[in-house]
Structures are given as structure tokens and as C-alpha cells.
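Enquirer: Okay, handing you the structure first.
Any read-out appearing in this document is the output of simple, stated calculations on the displayed coordinates, not a laboratory observation. These numbers come from a predicted model, not from an experiment. Here the Cβ positions follow ideal geometry from the backbone for every residue, glycine too, while neighbour counts run over all protein chains shown.
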Amino acid sequence: FAPWSDPDAKPYIVFRNVTKRFGDFTAVDDLSLTIFEREFFALLGASGCGKSTLLRMLAGFEEPTAGEILLDGQDLRGVPPYRRPVNMMFQSYALFPHMTVEKNIAFGLRQDGMPKPQIAERVAEMLKLVKLEKFARRKPHQLSGGQRQRVALARSVAKRPKVLLLDEPLGALDKKLREETQFELMDLQQDLGLTFVVVTHDQEEAMTMADRIAVMDHGKIKQVATPPEVYEAPSSRFVADFIGNVNLFEGPVSEVDPSGATIRGADGFAIHAANAGTARKDETAWFAIRPEKIRITSQQPEGAGPNSIDGEVWDIAYLGDMTIIHVRLDSGKVIRASMINSARGSDNPLTWGDRAWISFAPDAGVVLTN
Ligand code: ATP
């Protein structure tokens, strides 16, 4: 499933040069974006970056100040929310406290005047979908947070919208339940064959669930890509830093040639990168490398040239599945390296205060220029 890399794929949701201003504040800034049918799409960004505003414009709760939004070829301007084939699930769930689970799920269907037998059938189907058949007669206060969340989901897909919008859908759940529910949401999306657009500030959540992620900042999109792409090939320091952990080495580019680029790191060592990216000689660039791509050894690696430097083990954290080691270079910069723990436990041979060498392959990181 990768319609975004198929030039013939039909765009489904299109934001074209969309701007939203509140007074003189620009919440969404000339933003263009295409989402494909049946995609699980995540809008990811820090609080205030404009992601909810984007979602609300798609739902019809806000109109763009400029630009257009198309759904399946239809211009949505002026189309009221209830006429859009879109439904929104809010973080607060907004379940009716005095109604049973089944009445909550049936609510929208009854409002639409669906015949009773059909409602009963649809509600049963939805209860099965979210595995709450046994809870049909309960009221929201008799359910756990995760169960309430599933009722809200069932209710928002009961009318069979074409697009489900989810604004921080798992924000109220604790970490473990949130993770479980992420997988449930993915299964549900697959089963229903709907297009999901989720807003989240949690990069792990976006990485887990989404086919593609749009990383947003100040009303603009910084990058749209699949989870492996945003992680392995971030287009900017902002994205590299927002998604996961990263080490950034800054310096002037001393050489660019077919074998890559050399950056004279201010931290006292030369970095040779296999891919120069957009780097230009004598300009500043950054080499971005993930912690798990860094080798860490107690001895100087064989034939150490560029891409290796020594420092002091600053601290070590054992996290069960992996161990994180911070190495402080003589420049004062602290490098984060991580290693996956093996079946035997941690393979880390180092202790605090040891001298240690960090090194990495020329293709282990990316060169960034903005
Ligand atoms: P959060 O995760 O905190 O909801 P967000 O990225 O979803 O953040 P938005 O809710 O889209 O951000 O808001 C973007 C900016 O627009 C914020 O600075 C917010 O204060 C502002 N904003 C949103 N709605 C309005 C409004 N109705 N009137 C004025 N300013 C608004």
C-alpha cells in the first residue's frame, strides 16, 4: 500500500495553498498536502503548530481564510460539517453519560432516521468491531477509559463516514493502554477500509500507526514521509530532532565530491558522509546520526580515520531492551549512543568515567543544510 509513490494514484483529500488566520495570527500558512484513500495519515507537531486547525477545516468547523480543500474531487467550501463524508472523534470522547453504550452508538443513526431494525444491526456490528458486545447495556461511568474510548470510536464510525478524523484520540489513556489501542486502531482502520487522519503530538504514536506522517511547525509542513523515511532521512534539523533522538554535528563543509562530503566538526574531528545531500563547499552543514548507528568501543577502532573520536563515558542507562550511553567529548559535547541488549542482557563493556571511542560508517547518518 503506497499510493503516494504511484504517479497515477488519485488524490483523495487535497489541501491546496490553505491559509487560516485568526485576527493577525496565522495558524495555518499556505499549506498544501495530499492524502490518499484508505491511508492512515498522521499530522504531527508540537502544541500550537496548527494541526488541529487543519483537521477542523477538513471537518468543516472552520473555513480557510484562503486556499481550497477538496475531498474526492469535491470542493468543500461552504459545505456544512454534517454534509461532509467526514466524522471527527475528539479526545474528550463526549459520550452521553446517561445513555447506555448501545444508545450512544445508535445516537447518530437515530438522528439520521435510520429504521430501527437496521440500527440494531449496525450497533451489533459496531459492538463486535470494538469487542464490547458484553458491555452494550452499561453506561459510560461503568467502563474503563479504554472501553469508553472504544465506544467513542464505534460511535464515530457507525455512520460509515469515508474519512475519520481523530484529534489526539488516545491522549487520555495511560502509556500501556495507549500502545495497545494504537494497534487496535490500526486493525480497525484496515477492517473498515476507511481513510484515517489523526492529529497527535506524540511521535511514537504517529510512527506506530501512520502510513505517512506530516511533521508540522508554525502552520507549515516540514516534511511528509513514511515513518522509516522521516526517521532515516529527515529533511531538516527540525524533523531530525522532533522524531526520536539524534546527534547533530555542525561545521563548515570542507569538501564535496562524488564520494560524499566532509564536514569539519567543531568538536575536533572530521566527518565524512557518503551522501553530500544539498551540502555546498564552505557552507555550514550538519551531520545527523541516530544513537543506534553509533559504535562505541573501549579501544580505538582499527584504522580509525574520520568518523571516530574519543571521549569520556558520562552516564549509562540500562532500559531493559537497550542500554543508552552518553559520551562526553573533550569539546564538552555529549553524544548519545544506544545498543540493543542481547539475549544475554547488556553487552555494554563500559562503566562511568571510562575513556571510550565513538565511530560510525559514512552512510550511517545524513547531511542537512537547514
Ligand atoms: P494543540 O495540540 O495544543 O491543540 P495544535 O497544533 O492543534 O495544538 P491549533 O489548535 O491548530 O494547534 O492552534 C494553532 C494556533 O492557532 C494556536 O496558537 C491557537 O492559539 C490558535 N487558534 C486556534 N483556534 C483559534 C481561534 N478560534 N481563535 C484564535 N486563535 C486560535
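Enquirer: Within the set of other residues whose C-beta is less than 9 Å from the C-beta of Ala361, count the net charge using Lys and Arg as +1 and Asp and Glu as -1.
Expert: After counting each charged neighbour, the total is +1.
Enquirer: Same structure again: Please get the size of the charge dipole for the range 28-141, origin at its Cα centre, with Cβ charges of +1 on Lys and Arg and -1 on Asp and Glu, quoted in debye to the nearest 20.
Expert: 940
Enquirer: Counting each DSSP H run of 4 or more residues in the chain as -39500 (n - 2.57), what helix-only mean residue ellipticity at 222 nm follows after dividing by all residues, to the nearest 500 deg cm²/dmol?
Expert: Only helices count here, giving -7000 deg cm²/dmol.
Enquirer: Using just the Cα positions, wrap the range 271-351 in a convex hull and report its mean projected area in square nanometres, one decimal place.
Expert: So the mean shadow area of the Cα hull is 6.8 nm².
Enquirer: With N set to the residue count of the range 102-143, report its C-alpha Rg divided by 2.2 N^0.38 Å to two decimal places. Could you put the intermediate results ahead of the total?
Expert: Working: Rg = 10.3 Å, N = 42, 2.2 N^0.38 = 9.1 Å.
Here the answer is 1.13, to two decimals.
Enquirer: Would you work out the charge dipole size for the range 106-155 about its Cα centre, treating the Cβ of every Lys and Arg as +1 and the Cβ of every Asp and Glu as -1, and quote it to the nearest 20 debye?
Expert: With only Lys, Arg, Asp and Glu charged at Cβ, the dipole is about 240 debye.
Enquirer: Contact order normalised by length for the range 319-362, with contacts defined as Cα pairs under 8 Å and 6 or more residues apart; what percent is it?
Expert: Averaging sequence separation for qualifying contacts and normalising by length gives 32 percent for the range 319-362.
Enquirer: Here is a further query. After finding the eigenvalues of the alpha carbon gyration tensor for the range 180-311, what semi-axes result from the square roots of 5 times each, listed largest first in whole Å? Kindly include the intermediate steps, with their values, before the conclusion.
Expert: Working: eigenvalues 252, 64, 29 Å².
Listed largest to smallest, the semi-axes of the range 180-311 are 36, 18, 12 Å.
Enquirer: Could you run the Debye sum over the Cα atoms of the chain, one equal point scatterer each and no solvent, and tell me log10 of I(q)/I(0) at q = 0.09, 0.13, 0.15 Å⁻¹, two decimals?
Expert: -0.65, -1.07, -1.24
Enquirer: Determine how many Å³ per residue the convex hull of the Cα atoms of the range 237-294 encloses.
Expert: Value for the range 237-294: 82 Å³ per residue.
Enquirer: Looking at the range 21-149, what % of the alpha carbon pairs are farther apart than 22 Å?
Expert: Counting every Cα pair in the range 21-149, those more than 22 Å apart make up 52 percent.
Enquirer: Continuing with this model, one more query. Please name whichever of Ala273, Ser235, Phe25 sits farthest to the positive end of the charge dipole of the chain, dipole taken about the Cα centre and charges placed at Cβ: Lys and Arg +1, Asp and Glu -1.
Expert: Phe25
Enquirer: If you fit an axis through the alpha-carbon atoms of helix 175-192 and take the longest principal axis of the Cα set of the chain, what angle between them do you get, 0 to 90°, nearest 10?
Expert: Approximately 60 degrees, to the nearest ten.
Enquirer: For helix 101-111, report the angle its Cα long axis makes with the longest principal axis of the Cα atoms of the chain; keep it between 0 and 90° and round to the nearest 10°.
Expert: Once rounded, the angle reads 70 degrees.
Enquirer: Would you mind getting the Kirkwood hydrodynamic radius of the range 145-215 from its Cα pairs, rounded to one decimal in Å?
Expert: 12.4
Enquirer: Quick one: putting +1 on the C-beta of Lys and Arg, -1 on the C-beta of Asp and Glu, what dipole do you get for the range 208-248 around its Cα centre, in Debye to the nearest 20?
Expert: Using only the charged Cβ atoms, the result is roughly 140 debye.
Enquirer: With a sphere of radius 15 Å drawn around the Cβ of Gln118, what net charge do the other residues whose Cβ falls strictly inside it have (Lys, Arg +1; Asp, Glu -1)?
Expert: On the way: positive: Arg110, Lys116, Arg122, Lys159, Arg160; negative: Glu102, Asp112, Glu121, Glu125.
Here the charged neighbours net out to +1.
Enquirer: Give the value in nm², to one decimal: projected area of the alpha carbon convex hull of the range 112-263, averaged over all directions.
Expert: Details: hull surface 51.4 nm².
Across all orientations, the range 112-263 yields a mean hull projection of 12.9 nm².
Enquirer: Counting Lys +1, Arg +1, Asp -1, Glu -1, what net charge surrounds Ile335 among other residues with beta carbon under 10 Å of its beta carbon?
Expert: Its environment carries a net charge of +2.
Enquirer: Under the classification rounded if a/c is under 1.5, otherwise prolate if a/b is larger than b/c and oblate if not, where does the range 1-94 fall, given a ≥ b ≥ c as square roots of the Cα gyration tensor eigenvalues?
Expert: On the way: a/c = 1.40, a/b = 1.34, b/c = 1.05.
Taking the square roots of the gyration eigenvalues as a ≥ b ≥ c, the range 1-94 is rounded.
Enquirer: List the relative contact order of the chain as a percent without decimals, with contacts defined as Cα pairs under 8 Å and 6+ residues apart.
Expert: Relative CO of the chain lands at 14 percent.
Enquirer: Enumerate the aspartates and glutamates that Lys128 could reach by cross-link, defined here as Cα to Cα under 19 Å, with residues fewer than 8 away along the same chain left out.
Expert: Once the sequence-local aspartates and glutamates are set aside, what remains near Lys128 is Glu102, Glu180, Glu184, Asp187, Asp191.
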